[in-house]
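Data first, discussion second: the structure below is written as structure tokens.
The values are calculated or read from the model by the stated rules, or taken from the named source; none is laboratory data. Fair warning: this is a prediction, and the values are worked out from it, not measured in the lab. So basically every Cβ, Gly included, is an ideal-geometry build from the backbone, and we count neighbours across all protein chains shown. Surface areas here come from the heavy atoms of the whole protein model, side chains and all, with no ligands, DNA or RNA. Shrake-Rupley method; radii C 1.70, N 1.55, O 1.52, S 1.80 Å.
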Amino acid sequence: MIVGVLTVDLALYDARTLKDKRRVILSVKDRLRNRFNVAVSEVAFGDSPKRCRLGIATVCNGSRGVHSQFDQVVDVIRQSAGLTLLEYERETF
């Protein structure tokens, strides 16, 4: 069993308030949970309406499955409206 952790840093240039940010981030989190069955949480920049860091975790039988799933997650995030992917980092255990 392999545990994978993906950390993504996002910029929300159009968000003016924390309410705007929550609306966009909640939509992305729900989409990822429903489509990929992963755990998603905002782990940093909670007070900033322009930045967000999401932690995403999954468990698979092999590291190839983890990396494949995270590739798809990153693609969905890149295509999401209202945010820009700044950087991401993967870890497997």
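Brief remarks follow.
- Positions within the stretch 72-89 being over 10 Å from LEU10 (Cβ atoms) and open to solvent by 70 Å² or more (accessible area, probe 1.4 Å), in sequence order: GLN72, ASP75, ARG78, GLN79, ALA81, GLU89
- Selected residue (criterion: most open to solvent (accessible area, probe 1.4 Å)) from residues of the stretch 22-60 that are without any contact (Cβ under 8 Å) to a residue 40 or more places away in the chain and assigned to a strand (DSSP E or B): VAL43
- Flag if ARG64 is of a type outside the set (Val, Ile, Thr) and surrounded by fewer than 16 Cβ atoms within 10 Å (Cβ to Cβ): yes
- Just so you know, in the stretch 1-21 the residues that are exposed (fewer than 15 other Cβ atoms within 10 Å of the Cβ) and free of Cβ contacts under 8 Å to residues at least 40 places away in the same chain include one that is nearest to GLU91 (Cα to Cα), and it is LEU18.
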